[in-house]
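Asks: Quick one: this structure, given as structure tokens, is what I'll be asking you about.
The values are calculated or read from the model by the stated rules, or taken from the named source; none is laboratory data. Please read all numbers here as calculations on a predicted model, not as lab measurements. Because the Cβ atoms are built from the backbone with ideal geometry, glycine has one as well, and the counts that use them run over all protein chains shown. Surface areas here come from the heavy atoms of the whole protein model, side chains and all, with no ligands, DNA or RNA. Shrake-Rupley method; radii C 1.70, N 1.55, O 1.52, S 1.80 Å.
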There are 2 protein chains.
Amino acid sequence: MSSVQATRTIAGEQAKLQLEEFSVIGKRVPKYDSFEKVTGRAQFLIDLKLPGMLHGKILRSRYAHAKILNIDTSRAEAIPGVVAVLTAKDTPRIKFGFMKDNLPLKEGKVLSYRDEVAAVAAIDEETAIKALDAIEVEYERLPAVFDPLEAMKENAPKLHEENGGNLAKIPFSFRAGDVESVFERKDVIVDDGEFRLHFMTHVALGTMGALASCDSSGRLTIYANTQAPFMYQREIAEALGISGDRVRVIQPFIGGAFGRGMDLYPVDVIAAMLSMKTKRPVKILFSREEDLSYAPTRQPAIIKIKSAASRGGKLLARKVVVYLDTGAYVSWGAFDARVMMATCSGQYRIQNVSFDAWPVYTNNPYSGTMRGAGNPQINFAIESQMDTLAEKLSIDPIEFRLMNSNRAGDVTLQGMQVTTCAMDETLKVAAKEIGWKGRHCEEARGKKKRGIGFSTLFHVAGGARVYRSDGCGAMIKIDDFGKVTVLIGMSEIGTGSDTSIAQIAAEELGVPLSKIEIVNKDTSLKPWDVGIHASRATFIGGNAVLGAARSARKQILDLASRELLEDPSNLDVGNGEIYSKFSPEKRVDYAKLLRRSHFASGGTMVMSSYFFDPPTEMSEAENNFLGNISMAYAFGTQAVLVEVDEETGKIDVLKVVAVHDAGRILNPVGAEGQIEGGVVMSLSYALVEQLILDEGMVMNPSFADYKLFTSLEMPEIKVIFVGEPDPAGPFGAKGLGEHGCIPTAAALANALYDALGVRLQELPLTPDRVLDGLERKIRN
Amino acid sequence: MSSVQATRTIAGEQAKLQLEEFSVIGKRVPKYDSFEKVTGRAQFLIDLKLPGMLHGKILRSRYAHAKILNIDTSRAEAIPGVVAVLTAKDTPRIKFGFMKDNLPLKEGKVLSYRDEVAAVAAIDEETAIKALDAIEVEYERLPAVFDPLEAMKENAPKLHEENGGNLAKIPFSFRAGDVESVFERKDVIVDDGEFRLHFMTHVALGTMGALASCDSSGRLTIYANTQAPFMYQREIAEALGISGDRVRVIQPFIGGAFGRGMDLYPVDVIAAMLSMKTKRPVKILFSREEDLSYAPTRQPAIIKIKSAASRGGKLLARKVVVYLDTGAYVSWGAFDARVMMATCSGQYRIQNVSFDAWPVYTNNPYSGTMRGAGNPQINFAIESQMDTLAEKLSIDPIEFRLMNSNRAGDVTLQGMQVTTCAMDETLKVAAKEIGWKGRHCEEARGKKKRGIGFSTLFHVAGGARVYRSDGCGAMIKIDDFGKVTVLIGMSEIGTGSDTSIAQIAAEELGVPLSKIEIVNKDTSLKPWDVGIHASRATFIGGNAVLGAARSARKQILDLASRELLEDPSNLDVGNGEIYSKFSPEKRVDYAKLLRRSHFASGGTMVMSSYFFDPPTEMSEAENNFLGNISMAYAFGTQAVLVEVDEETGKIDVLKVVAVHDAGRILNPVGAEGQIEGGVVMSLSYALVEQLILDEGMVMNPSFADYKLFTSLEMPEIKVIFVGEPDPAGPFGAKGLGEHGCIPTAAALANALYDALGVRLQELPLTPDRVLDGLERKIRN
């Protein structure tokens, strides 16, 4: 392992040298909004009140699948304090959503317990609840289906008749090489398995909802927990049958989104329709019970995966079939299939891949997309199988991964161009830091066994062209005090991206961080951006602000050139000053220079704008899913040390080492926080979190019954960043927002196997499953 | 008068022709914010509430002039619900204001009943009032002075010892030619008079106040009824001893400002200090009684004026001395002296001028600046005297004015360059429209006599460089729906300027008005602007938005050029489309073009910015008050027909004709409204409005006692615009915000003279003064 040490030392020194060039970049900077959050001043959706505001509530289906025969709202309407009652017949009934298969208020049929049947706006919440109780709905119950494999059968109950069957019509199929002929070869080692991923929900602290305010001219302002305000603007306008410019979207402080902010939901459209009807602001905010019952989930999946390697350890082929349980409607969660495809075809060098994924309609809860967007699910399958293959090959699992790992210059089967890549280094560093000495290194402590597991990751890290634009706009104005206002499309949803964006502006302009103000909560004010997803905020938003800052800097150097009688090329910025690199006495501070330029006849002020859209390609069915969708890719390895109690089946996580290549780290404290948060979220996913369903109904919609990983279970987490600055990233940064949560589950499952020899292929890794596994192992 | 008719017809046809070129410019457009205002949705200061907000109240002096011996706040502090009590000793005590002679909370001495002695923040208004009552202040009363002429005497009580005397040390003196030798000549006609202008207050419907909110990091957000948010930002920061970029100023809907929004007031600083002390939002809002008692007034003035003309009717010389009663502190109202100077030296061709103006400290209410900024006062004196001179010369007053009027190409004695100028036409049209047939045309109706009077005006109309910058910045972004967001420094204070700015953007970009959104209420967002004053909003703000729109238009034509395969120079915009001027089939709508340009790899969006600062000069004591301070000047004539009851002295105004040259009129309905509003304000000023003072105390602080001109007294008002588009103005517009209110009072006084032969030189023209005048006339 001495080579690892050497690499790290060099990387460390290099990093140190590089950091010295910068005044703000690479420094441990507190989150930009931390003051407002820790003092309780930050206004979340729950805090917002508008004059005359009404409270909205939604009546949902009594059955998982039923015909609506009649809705009688007359008793509800007669209740004093009820201002409006809506059912489908009062609305434009325009289908919306990823597959345009959803209506804000259902007509004819309900397809899940979540389905919205009627909505009420009243002067207070109590009255709204009373009104819901007074709405009488007659149903005719229909047979329902809750398993995607069952739902695909010909005689299964059909949810959307117009769709023909329960397979959503999106062809997520990719072929390269010839997997079948590899599997037929005698000289290869094949592993064939089925993995099952369960229902997990986002459990954002801020529950779902929307506050809509329609003015007297019909213009709609909507306060929404969205991650993609401009997409939301377009989609809600379409759903309401109005033009997008009649809608203004304001993001309050977001109490967690984690992917569920990608979609438009019935609640948003209903709040808007209630406000349009009443011409008063209407807020609908889910209770925690509603949030756990009716908010979306991560895509549950059944993954069938078969891989082959040569006896020498070369990965040869992989065949994957995925069934996603999309619930009653298709969300952006369907896109998880494309992330899974990219991982199957691109994580490790491989030549033969067959991939198919099918979102399947069921009468289960509506599933959405969640941090990692399919990668945590597929990674669990692939990286579990990598370990099994390595064992069959009798090759050390680290060694096996190193033999097949991506390198800079690689192009994946789908055409993704790997530029900077420190995959090997992440594997080596992770192995060393966790104390890997080869398989089955468990130490006995009575009935407790220890084990170590690894998993790697491959994910976009330079934007992701999942929509026709992956762009972000930024505008800058600098005031007489040298304060820099950045109007930027990129949102802040609690990840710390504003802090990175402020650092980039401060570094490029040579001003202290305290002089940067970010304005990005209002679609009326900020330039367009596609939204927060695919770990793109720092990379894309950073490049946008960098472009605008460069233009502002040029203007400033030109002004200073006249002031200091020095050629602009001899000037530099720093510490809020512009100075000559050669004559240090020539210097002027920002505020003074800007005032002088401003306070003169025909004066000027510094303003600039920039739109950054990366030169990437969409990868779609039309082009056989080929295309370089991102300007950069991230790599990483996580190692987990567990201790498992053979008597109880309980897994204690002792240590997680997360080694990630995310280019230059702009704000170490923020980056570490993102990785740690991702690790914890996936420990929780892999070990305890689970929506328990009974024929489509959530049985544990409270934090008493929906278990979360808490501070009591927390292991030591060591985050290490390796790799080089990425030439395409702002100051060399790559994205990292989702990466921490991707490999953790597989690493845990591999550690469990290392400890007990028990291979679990279904999450969560509960004590009863561990004990079942032990029993199976003993039986075999 | 046939020449007048001819001119008008040509002007009318010309105007018609010019209008046909435009789609939005010149159209009668409703005010941009009218929906929000008529539906009661507009949020004024009184409507604003922030979480945890406290209510502030100010304790004022018990005497017009006194020493403060002791302040005991202990009883007030002990009242439950009182969160903070401030006196001078708790504050930074940094002097602020136009002459830096004012403290937010006074120490040592109080100089007027308005003076702020202590302030309280409490959980509600009742508690705050209780706390004020519990504050004990010991005073030692001092002799006071309430007349500026008395105050100038050597033995008068001194207000500011450090000032040496009661004359504020600002030298407003201008000399050209040799007035005295003209006055000594035997062949000239001289008139020598003294005019007195009284206390009138702004009576804005929104009373004065401020809502300050200091966050935990010490950053201050302040909601203020200011007209000049960036000046306010700088000044309040200085008064608080913090940097300007720590202050964010938000203008809610402004319930009238009329000039009083130019200054920073103790109430603003006190609200901020209370919030900084309590770390909670604090709102102080004046009651109507406080507003009438303690808000500023128009500058009261004593004007001594002597003019001479040759017997042939040529104006030869004018000598003016003005004493402004500034009250206890000097405000931006002192600048009124410079506007008066410009009118004395520039209204009419003249070669010999001597002008001096002195703001004088008294223990009267604090006087400020008000619409017209001194011009309504000086115009009353000059234009009254012009009529008297004309009579002495036996020349028709219209003829006399025509003989001396400004023409295009003139340069005034102070160096103001007259470009477009339709002064003569305004005189001729006004005379015709009012039915002027020469002096004393009164018709007898029993004891009621009719009379006609005229007055002209000269005022800046292309910005006014009264500060080191007269600039305004604008930024534009255009979204995927073709909606244009304009972030502009220029504020909207209720005058309709946003509507003009939107028209300019819409016209230049060829989109409907409904596609323009103006963002200009927040210093954090908008680029710098000096503020709303000097009738500059449409001219300066219009040129700023025009610059940004031109740049956006160029980008759009370039994009369309690629889309339509047509040279950009062959393309034009209109009706939300870009089209070829030569191949009409080549056309694309905004939304489609912008989406195509946006939704492509390496896509782009349209953003632009522009800062407009006119190439004008400051005119200051240092350069002998020489300099072209504005890019354009406005001219006008008002004619008034009155009927006066000889028995009661009551003046009924029957008709006002207001003929104004304001360049091209962008929005006739808005322009007419501005002129009508000005006329009514000055009818009210000249006839009824008056603060009644008893040794510095306002005796009529309620609308029951402070009389306003209302709809019951309203005459017919006919507004006529003449003149040509100004080449420097946006689409040819000149300013007009203040102009309506400038000549009305003198025209009324001249009409009164025409009716009864009574010359009144003091406002208001009350029935008792009319009767006194009649008695004097009979006695003589």
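Asks: For the stretch B:686-780, what does the alpha-carbon gyration tensor say about shape, rounded, prolate or oblate, given a ≥ b ≥ c as the root eigenvalues, a/c under 1.5 as rounded, and a/b over b/c as prolate?
Replies: Oblate is the answer for the stretch B:686-780, as a/c is 1.5 or above yet b/c matches or exceeds a/b.
Asks: Pairs of Cα atoms under 8 Å, at least six residues apart: use those to get the relative contact order of chain A, whole percent.
Replies: 16
Asks: Using only the Cα atoms, what convex hull volume per residue in Å³ does the stretch B:565-609 have?
Replies: Value for the stretch B:565-609: 101 Å³ per residue.
Asks: Also: Give the residue list of trypsin sites (Lys or Arg not before Pro) in the stretch B:564-644 that are DSSP loop and have at most 16 other beta-carbon atoms within 10 angstrom.
Replies: Hits after loop and neighbour filter: B:581.
Asks: Here's something else I'd like to know. How much FRET efficiency would the formula 1/(1 + (r/R0)^6) give for residue A:575 and residue B:550, where r is the Cβ-Cβ distance and R0 is 25 Å, rounded to 0.05?
Replies: For residue A:575 and residue B:550, the calculated efficiency is 0.10.
Asks: Enumerate the residues in the stretch B:339-374 having an amide nitrogen under 17 Å from the point lying 7 Å beyond the Cα of residue B:181 toward its Cβ.
Replies: B:351-354
Asks: On to the next question. In terms of Cα to Cα distance under 15 Å, which aspartates and glutamates are near enough to residue A:130, apart from those fewer than 8 places away along the same chain?
Replies: Hits, sequence-local ones excluded: A:72, A:77.
Asks: Let me ask another. Normalised by the number of residues in the stretch A:68-198, what is the relative contact order in percent for Cα pairs under 8 Å and 6+ residues apart?
Replies: Over the stretch A:68-198, the number comes to 24 percent.
Asks: Another question, then. Of B:411, A:606, which has the most accessible area with a 1.4 Å probe, and how do the rest follow in descending order?
Replies: Ranked from most to least accessible, the order is B:411, A:606.
Asks: Filter the trypsin sites (Lys or Arg not before Pro) in the stretch B:50-94 down to the DSSP loop ones having no more than 11 other Cβ atoms within 10 Å, then list what survives.
Replies: Within the stretch B:50-94, no trypsin sites (Lys or Arg not before Pro) qualify (loop, at most 11 other Cβ atoms within 10 Å).
Asks: Now for a separate question. Can you give me the C-alpha center-to-center distance between the stretch B:375-391 and the stretch A:667-684, rounded to a whole angstrom?
Replies: Using only Cα atoms, the two centres lie 78 Å from each other.
Asks: Going by Cα centres, the stretch A:173-240 and the stretch A:111-162 are how many Å apart?
Replies: Distance between centres, Cα-based: 22 Å.
Asks: Can you bin the stretch A:161-222 into rounded, prolate or oblate? Criterion: square roots of the alpha carbon gyration tensor eigenvalues sorted a ≥ b ≥ c, rounded for a/c under 1.5, prolate for a/b above b/c, oblate for the rest.
Replies: Prolate, because a/c is 1.5 or more and a/b exceeds b/c.
Asks: Can you list, shortest first and in nm, the gaps between the label point of residue B:180 and those of its counterparts in the other copies, using a point 7 Å from Cα in the C-beta direction?
Replies: Shortest to longest, the spacings are 11.7 nm.
Asks: Counting only other residues whose beta carbon sits under 13 Å from that of residue B:311, what net charge do I get with K and R as +1, D and E as -1?
Replies: +3
Asks: Then there's this: Which aspartates and glutamates, if any, have their Cα less than 17 Å from the Cα of residue A:304, not counting same-chain residues under 8 positions apart?
Replies: Counting by Cα, and skipping residues close in sequence, residue A:304 has these aspartates and glutamates nearby: A:147, A:150, A:180, A:191, A:192, A:194, A:325, A:336, A:356, A:383, A:387, A:762.
Asks: Taking residue B:89 as the anchor, which lysines have their alpha carbon closer than 17 Å to its alpha carbon, excluding any fewer than eight residues away along the same chain?
Replies: Filter leaves B:67, B:106, B:109, B:277.
Asks: In whole percent, and with a 1.4 Å probe on the protein chains, what portion of the accessible area of the stretch A:327-432 is carbon and sulfur?
Replies: Of the solvent-accessible surface of the stretch A:327-432, carbon and sulfur hold 49 percent.
Asks: Can you list the distances in nanometres, one decimal and ascending, from the residue A:37 label point to the identical position in each other copy, with the point 7 Å along Cα to Cβ?
Replies: Nearest to farthest, the other copies are at 4.3 nm.
Asks: Then there's this: Using just the helices of chain B, give the 222 nm mean residue ellipticity in deg cm²/dmol: DSSP H runs with n ≥ 4 each add -39,500 (n - 2.57), and the total is spread over all residues, rounded to 500.
Replies: -8500 deg cm²/dmol
Asks: Round to the nearest 0.05 the FRET efficiency obtained for residue A:311 and residue A:775 when R0 = 51 Å and r is the Cβ-Cβ distance.
Replies: 0.95
Asks: Regarding the stretch A:314-449, what whole-number volume in Å³ per residue does the convex hull of its Cα atoms give?
Replies: Spelled out: Cα convex hull of the stretch A:314-449, divided by residues, is 153 Å³.
Asks: Could you tell me how far the Cα centroid of the stretch A:740-754 sits from the Cα centroid of the stretch A:343-374, in Å?
Replies: Here the two parts' Cα centres lie 18 Å apart.
Asks: May I pose another question? Would you mind estimating how fast chain B diffuses translationally, via Stokes-Einstein at 37 °C and 0.692 mPa s with the Kirkwood radius over Cα pairs, in µm²/s?
Replies: Using the Kirkwood radius from Cα pairs, D works out to 119 µm²/s.
Asks: Let me ask another. Can you give me the long-range amide H partners of residue B:248? Hydrogens built in the peptide plane at 1.01 Å from N, cutoff under 5 Å, separation of 5 or more residues or another chain.
Replies: Placed amide hydrogens put B:220, B:221, B:222 under 5 Å from residue B:248.
Asks: To continue, here is another question. Over the stretch B:273-430, what is the relative contact order in whole percent, taking alpha-carbon pairs under 8 Å and six or more residues apart?
Replies: The normalised contact order for the stretch B:273-430 reaches 24 percent.
Asks: Could you tell me which of the pairs A:283/B:483; A:650/A:777; A:37/A:57; B:49/B:95; A:31/A:554 are separated by over 22 angstrom between their Cα atoms in the structure shown?
Replies: A:283/B:483; A:37/A:57; B:49/B:95; A:31/A:554
Asks: From the P(r) of the stretch A:737-780, could you give the percentage of C-alpha pairs in the tail past 16 Å?
Replies: Taking all Cα-Cα pairs of the stretch A:737-780, the fraction more than 16 Å apart is 37 percent.
Asks: Does the stretch B:120-161 come out rounded, prolate or oblate by the C-alpha gyration tensor, with a ≥ b ≥ c the root eigenvalues, rounded set by a/c under 1.5 and, if not, prolate when a/b is larger than b/c and oblate if not?
Replies: prolate
Asks: Work out how far the C-alpha atoms of the stretch A:634-758 reach from end to end along every principal axis, then list the three figures in whole Å, largest first.
Replies: For the stretch A:634-758, the Cα extents along the three principal axes come out at 50, 34, 25 Å.
Asks: Using only the alpha carbons of the protein assembly as shown, determine the length spanned along each of the three principal axes and report them from longest to shortest in whole angstroms.
Replies: Result for the protein assembly as shown: principal-axis Cα extents of 133, 65, 64 Å.
Asks: Over the Cα atoms of the stretch B:361-518, each weighted equally, I'd like the Debye log10 I(q)/I(0) at q = 0.08, 0.19 Å⁻¹, rounded to two decimals.
Replies: -0.45, -1.23
Asks: Mind scanning A:306/A:655; B:27/B:592; B:27/B:718; B:432/B:707 and naming the pairs with a C-alpha gap bigger than 25 Å?
Replies: In this structure, A:306/A:655; B:27/B:592; B:432/B:707 lie more than 25 Å apart at Cα.
Asks: Assuming R0 = 56 Å, what is the FRET efficiency of residue B:392 and residue A:558, from their Cβ-Cβ distance, to the nearest 0.05?
Replies: So the FRET efficiency works out to roughly 0.35.
Asks: Still on this model: If we hang a label 7 Å off Cα along the beta carbon direction at residue B:702, how far is it from the matching labels on the other copies, in nm, shortest first?
Replies: Copy-to-copy label distances for residue B:702: 5.9 nm.
Asks: At 20 °C and a viscosity of 1.002 mPa s, what translational diffusion coefficient does Stokes-Einstein give for the stretch A:49-171, taking Rh as the Kirkwood radius over Cα pairs? Give it in µm²/s as a whole number.
Replies: 135
Asks: All other residues with a Cβ under 13 Å from the Cβ of residue A:692 taken together, and with Lys, Arg as +1 and Asp, Glu as -1, what is their net charge?
Replies: Here the charged neighbours net out to -3.
Asks: If I model a spin label at residue A:161 and residue A:95 as a point 7 Å from the Cα along the Cα→Cβ vector, what separation in nanometres do I get?
Replies: My value for the distance between the label points is 1.3 nm.
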